Amino acid sequence: MEGHPGPQHVSPGRAETLSARMLDEFVALHGPALRSSGVPERLWGRLLHKLEHEVFDAGEIFGIMQVQEVEEAEDEAAREAQRKQPNPGSELCYKVIVTCENGVQADDPNSIFLIDHAWTCRVEHARKQLQQVPGLLHRMANLMGIEFHGEVPSPEAVGLVLEEMWKFNQTYQLAHGTAEEKVPVWYIMDEFGSRIQHSDVPSFATAPFFYMPQQVAYTLLWPLRDLDTGGKSAACIPPRGWALGGPPTTPTDGHACLGTEEVTRDFAYGEADPLIRKCMLLPWAPADMLDLRSSTPEPPAEYYQAILKENKEKLPLAISPVSQRQGHIFRVHTDMQQVLCHLTHPRFAFTESEADSDILYHFSHFKDYRKLSEERPQVLLNQFPCENLLTVKDCLASIARRAGGPEGPPWLPRTFNLLTELPQFVSCFQHRERRGDDNHWICKPWNLARSLDTHVTNNLHSIIRHRESTPKVVSKYIESPVLFLREDVGTVKFDIRYVVLLRSVKPLRLCVYDVFWLRFSNRPFALNDLDDYEKHFTVMNYDLDVVLKQVHYNEFIPQFEKQYPEFPWNGVQAEIFKAFTELFQVACAKPPPMGLCDYPSSRAIYAIDLMLKWDSHPDGKGTCHTRTL
């Protein structure tokens with residue numbers, strides 16, 4: 001055809017240039033993630049090739065061996081009883097081994113492999129996916145060793161998979177997007193990746209990797225040392241060309257492939273502390289932590305100094321309170337649309353120039369108080385230095401111990417920082433389990449709101465694994481909340497939000513707005529279906545698909561007193577205000593950064609969410625008490 005360019009020939013030099021350009025673009029886009037994961041740079045070029053061409057060649061190098069490990073009994077009688085068992089030894093398990101005749105060399109640029117993901121979800125969607133995605137429940141049950149032969153997903157099988165998945169789950173988090181999009185993603189590697197066992201001295205490393213051009217997540221696998229092939233038993237070698245996703249395996253007694261090099265990874269990668277590692281490995285290696293004290297005293301001053309440094313917050317110099325002349329018009333600089341829309345008092349005017357402002361009312365965290373105190377001490381602002389002690393959950397739990405000791409005050413549920421207090425939490429959990437106490441807990445990110453990435457569970461393994469996603473605290477779940485009768489639903493959970501104004505630290509001046517806001521669950525409360533959001537949570541105003549129940553405070557009070565006539569609201573509110581007072585007293589009790597900084601030009605408004613809980617007494621009567629959320 002006239003004008004058709006015809007077949008194009010690409011010279012070797014041009015191909016090399018294109019390849020180099022593609023690698024440069026790949027490194028620019030993914031280099032930071034690969035470096036942070038520890039992937040050696042010598043493997044990046046081959047990794048790009050495998051990603052571009054979807055090369056899954058692990059089946060040419062590795063095989064899966066099914067073994068039955070027999071634990072040796074301590075004495076002859078026990079060994080004889082063991083021999084008489086129908087199936088002596090422990091359950092069958094799997095190991096991944098090197099089957100390639102040439103072994104695996106760590107410095108070989110081709111020694112990086114893609115592992116596909118069999119299931120990816122956010123925790124709150126897991127049950128629904130197992131129930132609705134065709135074949136998913138069967139595949140997960142088979143991968144986890146759970147017997148399920150029915151055609152229709154049964155609640156029992158779904159429940160078992162949801163419980164066992166924490167032995168297989170891995171996680172990553174997107175760095176960009178909305179708050180909802182940044183909620184951690186959990187995934188289970190395919191049958192090959194899920195068969196790789198733990199070792200404290202692993203032979204391979206793994207890391208999640210999100211390939212942006214394809215918007216697909218994989219797990220990368222690469223060797224940490226050279227590995228030889230030790231056996232050539234056909235029982236251990238899958239068919240050549242096997243693609244990841246479920247190779248045939250042949251059970252052995254553990255001897256047919258003796259000498260083979262096993263592919264292992266460290267399930268507690270990056271953690272050097274032996275005690276923390278022991279806790280992190282509990283889902284696979286049960287251990288008794290009852291000898292460890294669960295007491296959690298307040299952290300030392302160095303802990304708060306480190307937080308101040310991490311936040312890059314610079315404390316102010318001491319200044320004197322500044323007073324303005326009567327009738328002064330305050331120029332306000334703000335990035336908050338609510339303030340722009342609703343601040344209409346004639347004594348305030350908006351300015352786009354931060355340098356000309358009298359008041360800074362910012363949504364983003366203010367950092368350089370020192371410069372402000374030096375150059376413009378008369379400027380008022382809507383934040384206090386070190387207020388993260390109140391607004392971030394791990395700090396709040398720490399300073400609260402000044403009021404209640406290592407166990408915390410009565411108005412804050414027992415709370416552990418999973419990053420620094422995991423062993424103490426495990427001990428507490430196991431002691432409660434031994435005593436038969438309620439063991440429901442709620443796991444929350446340090447610094448997210450709106451119940452995002454917040455989970456209720458009584459599964460210790462789940463809580464331990466959640467520590468691997470984002471920094472979290474775990475608090476005792478209120479198993480006996482004061483409920484509210486909704487005529488359209490039944491008795492549901494509710495929480496209360498009060499707004500307080502901190503006017504000054506020294507002296508402590510705190511004002512509470514006595515108009516409070518209420519939020520309600522949409523389903524009757526019970527200690528089951530822990531992943532049922534509308535049963536266990538109250539934040540309903542961010543999802544257009546759920547009902548938002550609203551009751552004004554002056555309508556709520558007479559209804560509450562009708563439902564609980566022995567608890568007049570004035571008395572309940574007095575206890576709430578007492579808890580607020582204690583909270584701010586301990587927050588201001590120490591100098592910064594252990595306490596809020598006394599900065600005369602600061603004012604701040606905070607929202608405090610709380611629930612009411614029944615506390616039982618020996619006479620069988622219940623008392624209504626405040627619990628801050």
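The values are calculated or read from the model by the stated rules, or taken from the named source; none is laboratory data. Predicted, not measured: the structure shown is a model, and the values here were computed from it. Positions of Cβ are backbone-derived with ideal geometry, glycine not excepted, and every protein chain shown enters the neighbour counts. Areas reflect the complete protein model, heavy atoms only, side chains present, ligands, DNA and RNA absent. Shrake-Rupley method; radii C 1.70, N 1.55, O 1.52, S 1.80 Å.
The condition of being surrounded by 14 or more Cβ atoms within 10 Å (Cβ to Cβ), over 30 Å from S36 (Cα atoms) and among the β-branched types (V, I, T) does not hold for V185.
The set of residues in the stretch 468-480 being open to solvent by less than 40 Å² (accessible area, probe 1.4 Å), within 24 Å of A268 (Cβ to Cβ) and in a loop (DSSP other than H, G, I, E, B) consists of S469, T470. If only residues of the stretch 146-182 that are touching a residue at least 40 places away in the same chain (Cβ under 8 Å) and part of a loop (DSSP other than H, G, I, E, B) are counted, the one that is surrounded by the most Cβ atoms within 10 Å (Cβ to Cβ) is Q173. Looking only at the stretch 295-323, count how many residues are small (G, A, S), more than 22 Å from the chain's Cα centre (by Cα) and either open to solvent by less than 80 Å² (accessible area, probe 1.4 Å) or more than 30 Å from R376 (Cα to Cα) (or both). Final tally of qualifying residues: 2. Every condition in (1) open to solvent by less than 60 Å² (accessible area, probe 1.4 Å); (2) touching a residue at least 12 places away in the same chain (Cβ under 8 Å) holds for A526 except the one numbered (2). Applying the criterion of being on the phi < 0 side of the Ramachandran plot, within 12 Å of the chain's Cα centre (by Cα) and assigned to a loop (DSSP other than H, G, I, E, B) to the residues of the stretch 445-467, the residue that is surrounded by the fewest Cβ atoms within 10 Å (Cβ to Cβ) is N447. Just to check your reading of the model, which residue among V339, V332 is touching a strand residue (DSSP E or B) at 6+ places or on another chain (Cβ under 7 Å), in a strand (DSSP E or B), in contact (Cβ under 8 Å) with a residue 12 or more places away in the chain and not polar (S, T, N, Q)? After applying the criteria, what remains is V332. Among the residues of the stretch 105-132, none is identified as open to solvent by 70 Å² or more (accessible area, probe 1.4 Å), part of a loop (DSSP other than H, G, I, E, B) and farther than 27 Å from H53 by Cα. Exactly one residue among C386, C395 is assigned to a loop (DSSP other than H, G, I, E, B), open to solvent by less than 10 Å² (accessible area, probe 1.4 Å) and hydrophobic (A, V, I, L, M, F, W, C), and that residue is C386. Scoring S364 on the criteria (1) within 24 Å of Y599 (Cα to Cα); (2) surrounded by 13 or more Cβ atoms within 10 Å (Cβ to Cβ) leaves a single failure, condition (2). The set of residues in the stretch 116-145 being without any contact (Cβ under 8 Å) to a residue 40 or more places away in the chain and of a type in the set (A, V, I, L, M, F, W, C) consists of L130, V133, L136, L137, A141, M144. Taken over the stretch 337-387, the criterion of being of a type in the set (A, V, I, L, M) and more than 40 Å from the chain's Cα centre (by Cα) is satisfied by A349 alone. Residues in the stretch 419-444 that are closer than 27 Å to P274 by Cβ, in contact (Cβ under 8 Å) with a residue 40 or more places away in the chain and crowded, with 18+ Cβ neighbours inside 10 Å: E421, L422, P423, Q424, F425, V426, S427, C428, Q430.
If you check W411 against the conditions, is it in contact with a Gly (Cβ under 9 Å, 6 or more places away or on another chain) and not polar (S, T, N, Q)? When the stated conditions are applied, W411 passes them.
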